[in-house]
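First up is the structure itself, then whatever we jot down about it.
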Amino acid sequence: MQEKRWSVEIVIDEHEGQTRSEARLQSGAATKLTGVGLARLNPADSDVPEIGDELATARALADLAHQLIEATAADIENITRKPPHLKA
């Protein structure tokens, strides 16, 4: 089997105390998926930007994973004409 490479680009920005992360999957297929994650600083907490980046990115990756499972399920159903039984 020929090796395939997929990549995920993470883009993080901050605006008005909120960190937003996008996880953009590039698989070479026509379908492009982008997961989004948000994090905000609790006013009672110390401002440590790296923590917001980590949390927003973890949430973006979780969103991307969910979308990928949903896309896979839809593809299976289109081929088999039966609802798939996938576990996350």
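Scanning the stretch 7-24 for residues that are exposed (fewer than 10 other Cβ atoms within 10 Å of the Cβ) and modelled with pLDDT of 90 or more yields one hit, Ser7. Per the conditions (1) out of contact with any Asp or Glu (no Cβ under 7 Å at 6 or more places or on another chain); (2) in contact (Cβ under 8 Å) with a residue 12 or more places away in the chain; (3) under 19 Å from Ala60 (Cβ atoms), the sole criterion not satisfied by Asp13 is (2).
Taking the criterion of being exposed (fewer than 11 other Cβ atoms within 10 Å of the Cβ) and acidic (Asp, Glu), the residues of the stretch 25-68 that qualify are Asp45, Asp47, Glu50.
Here are some residues: Lys32, Lys87. Which one is within 14 Å of the chain's Cα centre (by Cα), among the basic types (Lys, Arg) and at pLDDT below 95? Before you say what the answer is, go through the steps one by one.
Details: Lys87 fails: within 14 Å of the chain's Cα centre (by Cα).
None of the others qualify; the one that does is Lys32.
Residues that are free of Cβ contacts under 8 Å to residues at least 40 places away in the same chain and small (Gly, Ala, Ser) within the stretch 21-61 comprise Ser21, Ser27, Gly28, Ala29, Ala30, Gly35, Gly37, Ala39, Ala44, Ser46, Gly52, Ala58, listed in sequence order.
Give the residues of the stretch 61-88 that are in a helix (DSSP H, G or I) and of a type in the set (D, E, K, R), sorted by residue number.
Pass one, the stretch 61-88, residues in a helix (DSSP H, G or I): 61-80.
Scanning the stretch 61-88 gives Asp63, Glu70, Asp75, Glu77.
What are the residues in the stretch 76-88 that are over 21 Å from Val8 (Cα atoms) and either of a type in the set (D, E, K, R) or exposed (fewer than 11 other Cβ atoms within 10 Å of the Cβ) (or both), if any?
Keep residues of the stretch 76-88 that are over 21 Å from Val8 (Cα atoms), which gives 76-87.
Residues satisfying the conditions are Glu77, Asn78, Ile79, Thr80, Arg81, Lys82, Pro83, His85, Leu86, Lys87.
Among the residues of the stretch 73-88, write down those that are within 24 Å of Leu61 (Cβ to Cβ) and among the β-branched types (Val, Ile, Thr). The answer is Ile76, and nothing else. Restricting the stretch 35-64 to residues that are more than 30 Å from Asp75 (Cα to Cα) and of a type in the set (D, E, K, R) leaves a set whose member that is farthest from the chain's Cα centre (by Cα) is Asp45.
The values are calculated or read from the model by the stated rules, or taken from the named source; none is laboratory data. Small disclaimer: the values here were computed from a predicted structure and weren't measured. Virtual Cβ from ideal backbone geometry, glycine too; neighbours counted across all protein chains shown.
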